[in-house]
1. Take the residues in the stretch 109-121 that are more than 22 Å from residue 36 (Cα to Cα) and out of contact with any helix residue (DSSP H, G or I) (no Cβ under 7 Å at 6 or more places or on another chain), then tell me which one is modelled with the highest pLDDT.
2. Which one of the conditions (1) outside any helix (DSSP H, G or I); (2) under 12 Å from the mean Cα position of the chain (by Cα); (3) modelled with pLDDT under 95 does residue 106 fail to meet, given that it meets all the rest?
3. Is there any pair linking a residue in the stretch 175-200 that is under 30 Å from residue 158 (Cβ atoms) to one that is surrounded by fewer than 14 Cβ atoms within 10 Å (Cβ to Cβ) and modelled with pLDDT under 90, with Cβ under 7 Å and at least six apart or on different chains, and which?
4. Of all residues in the stretch 52-95, count the ones that are of a type in the set (Phe, Trp, Tyr) and either touching a Cys at 6+ places or on another chain (Cβ under 9 Å) or part of a helix (DSSP H, G or I) (or both).
5. Among the numbered criteria (1) assigned to a loop (DSSP other than H, G, I, E, B); (2) of a type outside the set (S, T, N, Q); (3) modelled with pLDDT of 95 or more, which one does residue 98 miss?
6. Consider residue 132 against the criteria (1) part of a strand (DSSP E or B); (2) crowded, with 22+ Cβ neighbours inside 10 Å; (3) not basic (Lys, Arg): it satisfies all of them except one. Which criterion is unmet?
7. For the stretch 163-200, name all the residues that are assigned to a strand (DSSP E or B) and of a type in the set (D, E, K, R).
8. Could you list all residues from the stretch 32-78 that are hydrophobic (A, V, I, L, M, F, W, C) and touching a Ser or Thr at 6+ places or on another chain (Cβ under 8 Å)?
Amino acid sequence: MDPFLHGPLLLEAREDWAARFGRDAPLEVEIGCGYGHFLMEYARRHPERNLVGIEFRPKLAYGLRRKLDRAGIGNAIVLRGDARRLLPMLFAPGSVAAVHIQFPDPWWKKRHHKRRLVDAELVTLLHGLLGDGGRVYLRTDILEYARQMIRCFEDGTGRFENVEGPGTFAFDDGLGVPSNRERRYLDAGTPVYRLVYRCLADLQGKAAHCSFEMTEEMGKIRK
């Protein structure tokens, strides 16, 4: 039985990722990797990085595991489980170089917004896992959710800074790998909102830099 596809109950300690991958390399995580189109292509383009995808839905996680095996991609694995439980369990503080979140479920109904992945709790969790200068890459087609993401990451605590400037979406996040969903949206002319945040380890003196007033102008795209 592979614990990496059977949830967190079989995992009792933080994983030794260098041993797991057979090498020491920058570690990146994708939360909600779905069918794995982004994870697989990103892994192919960056063989120098170790990639971990986390997917809650068993069918998709098992399917992606088979795809990775068939493609012979050795620098990426998939975990099946709840990211909020797996992240603090498996990753040591400061050990993650980047986190990717692609088009998370918007949970449209207002009473379900509390189920959204990106919230203040997740931001706190990610800050603890990322090393100084680590990146968080976010993509969504929902403007209201994108603005919520901005509020969560630019909360005045100075833990993260928007690499494009406060409240500003990235015209190009620099990854160079669109997911299948992003391709569909772009082909249909649907806007895609991208955000890139840098993790700041030193909290002192940073709060004022990251704090700003939420206005209707939020969401500028800097080209």
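The values are calculated or read from the model by the stated rules, or taken from the named source; none is laboratory data. Remember, it's a predicted structure, so these values are computed and weren't measured experimentally. Using ideal geometry, Cβ is built from the backbone for each residue, glycine included, and neighbour counts are taken over all protein chains shown.
1. So in the stretch 109-121, the residues more than 22 Å from residue 36 (Cα to Cα) come out as 109-115, 119-121.
Okay, now just the ones that are also out of contact with any helix residue (DSSP H, G or I) (no Cβ under 7 Å at 6 or more places or on another chain), so 109-115, 121.
On the way: 109: 58, 110: 64, 111: 57, 112: 46, 113: 59, 114: 69, 115: 62, 121: 92.
Here the answer is 121.
2. Of (1) outside any helix (DSSP H, G or I); (2) under 12 Å from the mean Cα position of the chain (by Cα); (3) modelled with pLDDT under 95, only one is false for residue 106: (2).
3. Correct list of pairs: 192/186.
4. Keep residues of the stretch 52-95 that are of a type in the set (Phe, Trp, Tyr), which gives 56, 62, 91.
Checking the rest, the ones that are also either touching a Cys at 6+ places or on another chain (Cβ under 9 Å) or part of a helix (DSSP H, G or I) (or both) come to 62.
Count: 1.
5. Condition not satisfied by residue 98: (1).
6. (2)
7. In the first step, residues of the stretch 163-200 are kept if they are assigned to a strand (DSSP E or B); the result is 168-170, 193-199.
If the condition is that a residue be assigned to a strand (DSSP E or B) and of a type in the set (D, E, K, R), then 194, 198 are the ones that fit.
8. 38
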